[in-house]
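The values are calculated or read from the model by the stated rules, or taken from the named source; none is laboratory data. Predicted model, so just to flag it, every value in this text is computed and none were measured. Because the Cβ atoms are built from the backbone with ideal geometry, glycine has one as well, and the counts that use them run over all protein chains shown. With ligands, DNA and RNA removed, areas are computed over all heavy atoms of the protein, side chains included. Shrake-Rupley method; radii C 1.70, N 1.55, O 1.52, S 1.80 Å.
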Amino acid sequence: FGSREGRRGSERLPGRRWSGADFEGSRREDAMGNKILTAYDVQKEACYYSTELKWRLHSASFKERPNDKLTIFIFEKKHVEKYAKNAKEQILEVMRKDASSLQRLRHPHILSVVEALSEERSTLAFATKPVVGTVAQLLEHNRHELSALEMKCGLLDVAEAVQFLHQDAKTAHLGLSPHSIFIDPSGKWLLGGLGFSVSGVQWGQLVDCPFGFSPGNEAPGQLSYEPPARYASPEMCSMPCKCGLESDIFALGLLTYELMSTERQPLLRGAPRGYTNNMVRQASVPPDLYPALMKILSPSPNERMTIAAFLNSEFFMDRNVRAIRFLEQLNEKDETQRVTFLKGLPQLLADPQSPLCSQRVLRERVLPRLCSALLFPSLYGVVVPIIIGLLKRDKVTDCAHFQAKLWPSIKPLYTAKEIPIEVVTLFLKELDLQCNLATPADQQAVLLPFLLRCLELQEPVILNEVLEKVPFLHKKFEYRQVKDQILPRMLQLLTSSAVVKVKVQVLMGLTRIFEIFDKGTITDVILPAFDKLTKMDRTPAVCMCLLGCYDAMSKFLGPKVTAERILPLICPLLVEESLSAEQYESQMTVCRKLLQRVEVARQKEYANKKDMQAEAGHALGGGDVLSGGTPPTAATPKQAEPQDFESLLFAGTSKARPSMPAAPAVAPLKAGSDFFGFSVGGSAPSTSGLGSGGFDPFASSMSAPAAMSQPGAFDPFSGMAGGGGGGRGEGGGGRGVEGTDCRPRVHEVLLLHLGEGTLKRDEGAEGEHGRGEDGATGGHCAAGESGIDRCGQMAPLIE
């Protein structure tokens with residue numbers, strides 16, 4: 001609760017720390033500062049200050065333990081130098097008595113002193129357990145910030161502290177007000193401000209009051225050695241002034257009215273001179289409070305109820321208040337009481353409209369106390385489900401609150417040697433919740449090792465939960481950790497576990513997570529593990545789970561891996577004798593499905609190739625030679641270019657040598673014929689011309705086959721147009737002496753490569769009138785041959 005002064009100061013100098021030498025007016029003897037200030041790291045800006053409190057509250061921490069916080073109460077004597085000597089001494093005496101009384105009186109709801117009062121020439125200082133402010137500061141900031149249940153719990157804290165003072169310490173507080181009640185980080189209210197207290201007082205015995213409540217002391221901004229007059233009892237302000245334990249009851253009544261009334265405003269604006277209890281309006285307070293409030297606010301001290309009677313009144317007989325109080329005292333109860341209470345607590349938390357279920361109460365009052373109960377291992381089974389249920393509620397906690405107040409108590413459970421299976425299962429179910437609230441460092445250091453240990457357990461219930469959470473892990477943990485640490489443990493369970501149910505759970509888990517791995521990991525790690533499992537265990541349950549894995553992986557890996565890796569693994573399962581008829585049908589159905597995937601993929605590939613070939617044919621001339629279309633005509637060759645030295649020099653002049661005439665272009669092939677003049681689109685060629693009965697790919701559909709020189713010999717050029725007497729080629733020049741070759745010259749040959757889908761142009765040998773030129777080999781040439789050597793030039797033609 002930052003006061004206006006504290007907030008302004010924190011904006012100017014955030015996080016600055018000070019020592020005693022920072023105080024203005026400090027003398028040379030105090031150059032090293034107050035020992036309280038030098039012993040701790042103290043924030044320079046005060047978190048709260050008021051003239052009624054007089055102390056300045058500063059947050060601090062131990063130098064050797066920065067995480068251990070405390071609060072320093074500091075008072076600078078320079079603030080009383082302007083007052084009269086008597087008033088100055090009385091104010092300082094009140095400050096000294098406040099610190100010494102707090103150190104002497106110990107109670108859970110009284111401010112606890114850590115470092116006793118240290119008085120130097122210019123300062124007074126002492127240290128207490130950490131507090132975040134006072135009730136006065138809370139009311140100044142927002143009077144309606146706390147719910148009625150929180151106010152009631154705070155009043156119960158204060159009433160128990162007053163009961164301790166009255167019954168055990170025999171002390172009257174006499175300064176009870178919102179300025180003397182402090183709030184610790186857990187929301188608990190602590191009673192302080194004991195500088196006005198009087199000891200040795202009994203109930204029913206009033207003593208002389210040391211305060212006169214003169215009007216000058218009530219001036220705003222003035223330090224006073226008297227308590228606030230508007231929280232004093234009537235007998236303290238009357239003549240003669242008396243006070244006693246009954247005076248504290250009246251002050252507690254005024255505080256209760258201010259906190260519980262609908263307006264949350266003080267009942268009195270000054271000293272209660274002439275007060276009557278008719279000033280209390282019944283409609284402005286809760287019905288269960290009004291009867292008790294009328295008694296404790298009675299003008300007569302003898303008519304007021306004792307503090308014990310107030311604590312037992314209907315106002316505090318609230319199930320929600322009692323539940324919070326029991327939860328705060330849980331460590332003091334025996335084992336049976338703890339278990340009974342924790343089993344009944346969920347009934348109170350089930351109603352979302354209950355005051356106990358407000359976000360602030362759950363956050364500050366319930367959850368921290370439940371986490372403190374985790375100190376008892378016997379309570380794990382009943383406490384953890386309540387904690388997890390509350391953490392899942394909206395806006396009950398956040399990362400900062402969880403890590404600061406809850407995680408330190410929950411964290412040891414993840415490494416506990418003995419913990420109920422139900423708790424482990426619950427942690428696994430809500431692992432995503434824990435990951436969202438924990439820091440990345442705790443995820444790697446605590447949650448991941450916990451998960452790996454769960455994978456090593458042979459407990460089906462735990463394995464089922466951990467395998468369901470694995471798909472979530474790759475989002476929170478690194479991929480390498482999932483691949484190198486989690487996956488090997490899962491595969492190890494397949495081969496090491498003797499329990500079929502465990503193997504089934506692992507296979508089902510892998511079916512859900514295999515997609516997070518790369519394809520190489522699946523084919524090189526997971527599928528070999530499945531193959532090993534198949535050789536070891538072919539029980540029907542395992543076979544059917546493997547079937548589901550193969551089916552899912554086939555969709556992910558594609559038809560090629562399906563054909564090469566998955567089908568060889570699934571086919572042996574078809575002959576497993578332990579399968580029932582229904583299981584066999586399932587195996588066959590999946591096997592057919594996998595084959596169909598391969599078939600559909602292959603058909604699509606062939607269709608794509610056919611489309612590519614058609615596109616290539618159209619790009620080269622608009623026809624498809626395979627479908628009987630007209631191939632592109634051969635381009636007219638250019639005039640022969642000069643190829644000798646002289647021709648190059650005198651090209652285009654009168655001395656230029658005449659160029660050789662260009663060879664005539666080859667006539668285009670007829671539609672429906674291939675480049676040999678054979679029909680392509682017609683019926684299958686006849687095999688009658690083959691002596692051996694084989695298929696002759698060059699048999700002509702235009703003319704009858706010519707007679708062969710030898711029975712059964714294969715002549716690929718038989719049946720071509722034209723004939724002529726054969727002759728003998730002389731010498732190496734390959735010149736045909738006799739006979740005339742009437743076949744057309746083959747100057748260019750179009751070769752169709754079906755595999756590549758492109759057309760290539762190949763320069764063939766030229767033959768004219770039986771003359772073999774440029775590469776025609778010498779030797780004997782058969783009648784009607786074109787000068788092409790059948791041994792040396794047949795291969796490119798067939799290609």
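Has the stretch 507-514 got any residue that is more than 30 Å from Lys604 (Cβ to Cβ), modelled with pLDDT under 90, open to solvent by 10 Å² or more (accessible area, probe 1.4 Å) and part of a helix (DSSP H, G or I)? Scanning the stretch 507-514, I find at least one residue that is more than 30 Å from Lys604 (Cβ to Cβ), modelled with pLDDT under 90, open to solvent by 10 Å² or more (accessible area, probe 1.4 Å) and part of a helix (DSSP H, G or I), so the answer is yes. Checking the stated criteria, Thr534 turns out to be at pLDDT 85 or above, under 24 Å from Lys560 (Cβ atoms) and among the hydroxyl-bearing types (Ser, Thr, Tyr).
Give the stretch 81-129 a look and list any residue that's within 17 Å of Leu53 (Cβ to Cβ), of a type in the set (Gly, Ala, Ser) and touching a strand residue (DSSP E or B) at 6+ places or on another chain (Cβ under 6 Å), or say none. Matches in the stretch 81-129: Ala99, Ala125, Ala127.
Inside the stretch 306-323, residues that are open to solvent by less than 30 Å² (accessible area, probe 1.4 Å) and assigned to a loop (DSSP other than H, G, I, E, B) make up a count of 1. Would you mention how many residues in the stretch 566-596 are among the basic types (Lys, Arg) and surrounded by 17 or more Cβ atoms within 10 Å (Cβ to Cβ)? Going through the stretch 566-596 one residue at a time, the tally reaches 0.
Condition check for Arg121 on (1) in a loop (DSSP other than H, G, I, E, B); (2) out of contact with any helix residue (DSSP H, G or I) (no Cβ under 7 Å at 6 or more places or on another chain); (3) open to solvent by 50 Å² or more (accessible area, probe 1.4 Å): one failure, at (2). Contact map, the stretch 31-52: residues that are among the aromatic types (Phe, Trp, Tyr) paired with residues that are open to solvent by 40 Å² or more (accessible area, probe 1.4 Å) and modelled with pLDDT of 85 or more, Cβ distance under 9 Å, separation 6+ or inter-chain. Pairs shown: Tyr40/Lys63; Tyr40/Glu115; Tyr48/Arg56; Tyr48/Val132; Tyr49/Arg56. Scanning the stretch 437-451 for residues that are of a type in the set (Gly, Ala, Ser) and surrounded by fewer than 17 Cβ atoms within 10 Å (Cβ to Cβ) returns Ala441, Ala445. State which residue is modelled with the lowest pLDDT when the search covers only the stretch 261-290 and only residues that are open to solvent by 60 Å² or more (accessible area, probe 1.4 Å) and assigned to a helix (DSSP H, G or I). Only one residue fits best here, namely Asn278.
When the stretch 530-565 is limited to residues that are more than 25 Å from Ser496 (Cα to Cα) and open to solvent by 50 Å² or more (accessible area, probe 1.4 Å), the one that is nearest to the chain's Cα centre (by Cα) turns out to be Phe556. No other residue among Gln492, Gln434 is of a type outside the set (D, E, K, R), assigned to a helix (DSSP H, G or I) and surrounded by fewer than 16 Cβ atoms within 10 Å (Cβ to Cβ) apart from Gln492. On the basis of being β-branched (Val, Ile, Thr), in contact (Cβ under 8 Å) with a residue 60 or more places away in the chain and either over 30 Å from Met260 (Cα atoms) or open to solvent by 60 Å² or more (accessible area, probe 1.4 Å) (or both), does Val80 make the cut? The answer is yes for Val80. Residues that are within 30 Å of Glu246 (Cα to Cα) and touching a Leu at 6+ places or on another chain (Cβ under 7 Å) occur at least once in the stretch 324-336. Looking across Ile91, Ile36, Ile72, one residue alone is surrounded by 15 or more Cβ atoms within 10 Å (Cβ to Cβ) and part of a strand (DSSP E or B). It is Ile72. Do you know which of the residues in the stretch 43-67 that are open to solvent by less than 60 Å² (accessible area, probe 1.4 Å) and within 38 Å of the chain's Cα centre (by Cα) is farthest from Gly193 (Cα to Cα)? Per the criteria, the residue is Phe62. Lys343 fulfils the conditions (1) surrounded by fewer than 20 Cβ atoms within 10 Å (Cβ to Cβ); (2) in contact with a helix residue (DSSP H, G or I) (Cβ under 8 Å, 6 or more places away or on another chain); (3) within 30 Å of Arg273 (Cβ to Cβ) except for a single criterion, (3).
Thr256 meets all of the listed conditions (1) open to solvent by 10 Å² or more (accessible area, probe 1.4 Å); (2) within 26 Å of Gln167 (Cα to Cα); (3) within 60 Å of the chain's Cα centre (by Cα) but one, namely (1). Report whether or not Leu155 is open to solvent by 10 Å² or more (accessible area, probe 1.4 Å), closer than 26 Å to His141 by Cα, modelled with pLDDT of 90 or more and not in a loop (DSSP other than H, G, I, E, B). Here the answer is no, as Leu155 does not meet what is asked.
Whenever a residue of the stretch 498-512 is farther than 10 Å from Pro471 by Cα, its partners that are part of a helix (DSSP H, G or I) and among the polar types (S, T, N, Q), lying with C-beta atoms within less than 6 angstrom and at least six residues away or across chains, give the pairs Gln505/Asn464.
From the list Lys475, Lys411, Lys501, the one residue that fits, being modelled with pLDDT of 90 or more and either assigned to a helix (DSSP H, G or I) or closer than 25 Å to Val542 by Cβ (or both), is Lys411. For the stretch 299-315, state whether one or more residues are within 30 Å of Ala373 (Cα to Cα) and touching a Leu at 6+ places or on another chain (Cβ under 6 Å). So far as the stretch 299-315 goes, yes, one or more of its residues are within 30 Å of Ala373 (Cα to Cα) and touching a Leu at 6+ places or on another chain (Cβ under 6 Å).
Using the structure shown, decide if Lys129 is open to solvent by 60 Å² or more (accessible area, probe 1.4 Å), under 46 Å from the mean Cα position of the chain (by Cα) and touching a residue at least 12 places away in the same chain (Cβ under 8 Å). So Lys129 fits the description; yes.
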